[in-house]
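Taking it in order: structure first as C-alpha cells, then the write-up.
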Amino acid sequence: MEKRSGIKTYDVSVSDLIDADLLQVRQKLYFRYAPRGMERKTYKAIVLEDGSITTLGQNFSSLSYAAIACIQDAGSERTTTNGWDAWKTKDGCSMAQVREEYLRVKEQQAEEER
C-alpha cells in the first residue's frame, strides 16, 4: 500500500524530528558499544539545533557518522553501521523508532486531510 503522506523512511531527518517535537534541541542520545573481547562503552551525544549531533568533541551531520566515530573510538575498525538503530533516547527508544513514530503521525495527518 502506498503511503498517503508521500514521505519515505530515508527522507526523514533529525531536523524533522525536532520540528515535530519528537526530539528536543540539547536532548541527550546514548550509544553502547563493545568491540569483540573489549569493555563495553557508553557514548553520549547532544542533539543540536541544526539537526546535527555532537559527540567526542565533534559535530556530525549524520547519526551513522557519529556512531562510526564512537565505534572506532572503542577500538573497532568497523566502517559502517546504522546510526538510526545505534543511538537511543534515555528511555531506550532507538532513533529508528522515533522516526517510525514521526512517519505514523504524518500518515495519520495525511489520512485526516482526505
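The values are calculated or read from the model by the stated rules, or taken from the named source; none is laboratory data. Treat the numbers as computed from the prediction; the structure is a model and nothing was measured. Glycine gets a Cβ as well: all are built from the backbone with ideal geometry, and neighbour counts include every protein chain shown.
Does residue 46 qualify as being aliphatic (A, V, I, L, M), over 15 Å from residue 9 (Cα atoms), modelled with pLDDT of 95 or more and in contact with a helix residue (DSSP H, G or I) (Cβ under 9 Å, 6 or more places away or on another chain)?
no
What is the number of the single condition among (1) in contact with a strand residue (DSSP E or B) (Cβ under 7 Å, 6 or more places away or on another chain); (2) part of a loop (DSSP other than H, G, I, E, B) that residue 42 does not meet?
(2)
Scan 50, 91 and give me the residue that is in a loop (DSSP other than H, G, I, E, B), out of contact with any Ser or Thr (no Cβ under 8 Å at 6 or more places or on another chain) and surrounded by fewer than 14 Cβ atoms within 10 Å (Cβ to Cβ).
Criteria check complete, one pass: 91.
Condition test on residue 17, is it over 20 Å from residue 99 (Cβ atoms) and modelled with pLDDT of 95 or more?
It is false that residue 17 is over 20 Å from residue 99 (Cβ atoms) and modelled with pLDDT of 95 or more.
Return the only residue of 19, 11, 85 being surrounded by fewer than 16 Cβ atoms within 10 Å (Cβ to Cβ), without any contact (Cβ under 8 Å) to a residue 12 or more places away in the chain and under 11 Å from the mean Cα position of the chain (by Cα).
85
May I ask you to say which residue of 40, 4, 78, 36 is touching a helix residue (DSSP H, G or I) at 6+ places or on another chain (Cβ under 6 Å), farther than 30 Å from residue 110 by Cβ, modelled with pLDDT under 95 and not hydroxyl-bearing (Ser, Thr, Tyr)?
78
Could you list, ordered by first residue, the pairs with Cβ atoms under 6 Å in which the first is in the range 44-59 and in contact (Cβ under 8 Å) with a residue 40 or more places away in the chain and the second is assigned to a strand (DSSP E or B) and not aromatic (Phe, Trp, Tyr), at least 6 apart or interchain?
Sorted first by the residue in the range 44-59, then by its partner, the pairs are 45/29; 45/53; 45/55.
Of all residues in the range 58-88, how many are within 20 Å of residue 15 (Cα to Cα), assigned to a loop (DSSP other than H, G, I, E, B) and polar (S, T, N, Q)?
So the count comes out to 3.
Would it be correct to say that residue 107 is within 12 Å of the chain's Cα centre (by Cα), under 23 Å from residue 16 (Cβ atoms), of a type in the set (D, E, K, R) and part of a helix (DSSP H, G or I)? Reasoning before the result, please.
Details: within 12 Å of the chain's Cα centre (by Cα): no; under 23 Å from residue 16 (Cβ atoms): yes; of a type in the set (D, E, K, R): yes; part of a helix (DSSP H, G or I): yes.
So residue 107 fails the test.
State which residue pairs qualify: first residue touching a residue at least 24 places away in the same chain (Cβ under 8 Å) and more than 16 Å from residue 27 (Cα to Cα) and inside the range 90-112, second residue among the basic types (Lys, Arg) and surrounded by 15 or more Cβ atoms within 10 Å (Cβ to Cβ) in any location, beta carbons under 7 Å apart, and separation of 6 or more residues or different chains.
107/4; 110/4; 111/4
I'm checking my understanding of the structure. Among residues of the range 83-114 that are among the hydrophobic types (A, V, I, L, M, F, W, C) and out of contact with any helix residue (DSSP H, G or I) (no Cβ under 9 Å at 6 or more places or on another chain), which one is modelled with the highest pLDDT?
105
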